[in-house]
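The values are calculated or read from the model by the stated rules, or taken from the named source; none is laboratory data. Fair warning: this is a prediction, and the values are worked out from it, not measured in the lab. Here Cβ is always computed from backbone atoms with ideal geometry, including for glycine, and neighbour counts include all displayed protein chains.
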Ligand code: IVH
């Protein structure tokens, strides 16, 4: 028999929810706690017990509903009803006045325009929908402006997002950010755990928002600042921000000015710039918006930005500090990157202690030495960089930053790249390279293995538990238990996380191979243009004859250098007989190809005549490998005659039958794609 809640229980649950929600608002929105953590936990647990006993009392706005189940595979796409636009940037006050003059030209009353000026939060734009009853319904990222990713489960975990608003349906836009204090706290934890710190709060927020398991998003303690709303009667932006605040959202300090006093936007920007350090969240400028909604509508938008708003971007900030030393980092393909170790310096609220110097040419260009006073620059959404050296402060004992001769990880003599910019460790068994490759392998956009930090990668390689990244699929709980800081629970969790990624899509599989230049873009193109790994290898194996490379390079969007690098990388894999080991370790999931496309690959018959640049057998092999047929003689069944130097009688016969005659180059292009189908034609670069 199932029990239903009586009135007194329903009332108690309602009260618990109300008290916990009020405490949440006081804590997360107003930063003025009204309840001790211990009491909060106690009430929360009570609510959990009640809800377990009476599931019908669970409502979507209950504080227990913030963390849901993990999303199964990536994020669903969401079509934005109205596009989510970006903003045009301006950089000085003159441009502010030019913006004003432009608006005046379109306004019926040029002397009574009202603007709002509000901080420009440095995070990620998110659109949140509330349903007709005011319940939090969905949330999406901006994506390309038209289609975003469905991050509902993740945004639900953000405490400053109300789960219920009064007044029914509502669309709210705003920015997901990580507050500076949270960033400092979590980064310190990361460093203590041996993970590399996030570069900026924005990076940390972006990573947090895209977690596949909402519990991981929740752990990042993200925040949401609202700056826009739709579908409520509203006179203008200023009132909208006030209403958003009343509804329980975090909003920003906002200035409203009219035409007569438009010049005070300047001092407001200056104040915001000066106060930026003390704000809880990173801002990278001030957004100036026309307040009146009718005028906004009249002004409209370009394809990417509204004409009624503009973003005044703060200039990048610079500070000087001491360069205390240098670390030589070994990358996954062996490239040695010098990293400057700095006396920690706070720029725009972020403490910086390590800055990449990229390569040794850069070191020479900057003429930087250990002991120098260097100028560090950071624009809000950009990785910090060293822009110069104060030579007047160079101490007598400054030490030049010499190129290392041997690998700092394995001692192998370093080699210089042909282009003379990078120096590399050529030892493919170098532990530094292996660690870097493993770190790449487990990344969110490659195999996406949860909880696999930098420190773990290092321990596994150094203890020879992992040589090639796919060795991680053989790891057992017992292997992990012996490692520093890994208990039974985390060992079991890690093994489960690893095993759950054994089935991997083609694109991620390709990225995991660690072939130079085979990144996101190239992997996507390859996965789209080949049926499977064998199809791809079939083409690549013709590479000594340059045939395969031309076929790869003829994929639109894949340049020659990229094609060459991918080809050589795959050939090296083949030569080392590594491919079968990869294929034994993982199962590749291939994208569904339209049937017509596969069929079309098998439908053309080529006949060859004359001397071609490669032995006839090579070319015939390539035709066959791409699923087409090689005909011995010209007939009505022949689709194309491939004609080389000094053609034989086949040419005359083809001309007589009206069969198209193509060159060897044209054949190569044709073989790189299915010969028919309108959507595939777009892939050819002729
Ligand atoms: S209004 C229709 N207001 O800046 C365009 N955007 O660089 C609505 N941003 O994509 C944007 N703070 O993600 C607006 N107070 C603010 C903002 C803000 C940050 C972001 C937003 C936008 C980006 C453009």
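For this structure, a couple of remarks:
- Residue count for segment 486-509, restricted to those that are under 20 Å from residue 458 (Cα atoms) and over 29 Å from the mean Cα position of the chain (by Cα): 2.
- Once segment 281-296 is narrowed to residues that are within 13 Å of the ligand (Cβ to nearest atom) and without any contact (Cβ under 8 Å) to a residue 60 or more places away in the chain, the residue that is nearest to residue 92 (Cα to Cα) is 296.
- Top-ranked residue in segment 483-507 [being in a loop (DSSP other than H, G, I, E, B) and without any contact (Cβ under 8 Å) to a residue 12 or more places away in the chain; ranked as surrounded by the fewest Cβ atoms within 10 Å (Cβ to Cβ)]: 487
- The listed residue being in contact with a helix residue (DSSP H, G or I) (Cβ under 8 Å, 6 or more places away or on another chain) and either closer than 30 Å to residue 616 by Cβ or crowded, with 19+ Cβ neighbours inside 10 Å (or both), out of 534, 517, 475, 480: 480
- Hits in segment 264-280 - residues which are more than 31 Å from the chain's Cα centre (by Cα) and either touching a residue at least 60 places away in the same chain (Cβ under 8 Å) or within 12 Å of the ligand (Cβ to nearest atom) (or both): 265, 266, 268
- When residues in segment 31-40 are screened for being surrounded by 11 or more Cβ atoms within 10 Å (Cβ to Cβ) and either assigned to a loop (DSSP other than H, G, I, E, B) or under 35 Å from the mean Cα position of the chain (by Cα) (or both), 3 of them pass.
- Entry remark, segment 340-360: residues being under 30 Å from residue 275 (Cβ atoms) and assigned to a loop (DSSP other than H, G, I, E, B) number 2 in total.
- Filtering segment 203-228 to residues that are part of a helix (DSSP H, G or I) and at pLDDT 90 or above leaves 204, 205, 206, 207, 208, 209, 214, 215, 216, 217, 218, 219.
- If the condition is being assigned to a helix (DSSP H, G or I) and closer than 21 Å to residue 287 by Cβ, then segment 151-200 contributes only 180.
- Residues located in segment 124-147, provided they are touching a residue at least 40 places away in the same chain (Cβ under 8 Å) and either more than 16 Å from the ligand (Cβ to nearest atom) or more than 23 Å from residue 221 (Cβ to Cβ) (or both): 129, 130, 135, 136, 138, 143, 145, 146, 147
- Test: residue in segment 446-461 that is under 18 Å from residue 190 (Cβ atoms) and without any contact (Cβ under 8 Å) to a residue 12 or more places away in the chain: no
Results for (1) assigned to a helix (DSSP H, G or I); (2) modelled with pLDDT under 95, shown as yes or no for each residue.
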| position | (1), (2) |
| --- | --- |
| 420 | no, yes |
| 427 | no, no |
| 437 | yes, no |
| 466 | no, no |
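- Extreme residue, modelled with the lowest pLDDT, among residues of segment 544-562 that are under 18 Å from residue 510 (Cα atoms) and crowded, with 18+ Cβ neighbours inside 10 Å: 548
- Odd one out for residue 181, checked against (1) out of contact with any helix residue (DSSP H, G or I) (no Cβ under 9 Å at 6 or more places or on another chain); (2) within 16 Å of the ligand (Cβ to nearest atom); (3) modelled with pLDDT of 90 or more: (2)
- Among the residues of segment 367-378, those identified as surrounded by fewer than 19 Cβ atoms within 10 Å (Cβ to Cβ) and not in a strand (DSSP E or B) are 367, 371.
- Of all residues in segment 209-222, those satisfying the criterion of being within 16 Å of the ligand (Cβ to nearest atom) and crowded, with 22+ Cβ neighbours inside 10 Å are 209, 222.
- Qualifying residue in segment 223-233 (condition: within 13 Å of the ligand (Cβ to nearest atom) and more than 25 Å from the chain's Cα centre (by Cα)): yes
- Any hit, segment 92-111, residues being part of a strand (DSSP E or B), within 16 Å of the ligand (Cβ to nearest atom), closer than 29 Å to residue 172 by Cα and touching a helix residue (DSSP H, G or I) at 6+ places or on another chain (Cβ under 7 Å): no
- Which numbered condition residue 103 misses (of (1) crowded, with 18+ Cβ neighbours inside 10 Å; (2) within 17 Å of residue 229 (Cα to Cα); (3) more than 20 Å from the chain's Cα centre (by Cα)): (2)
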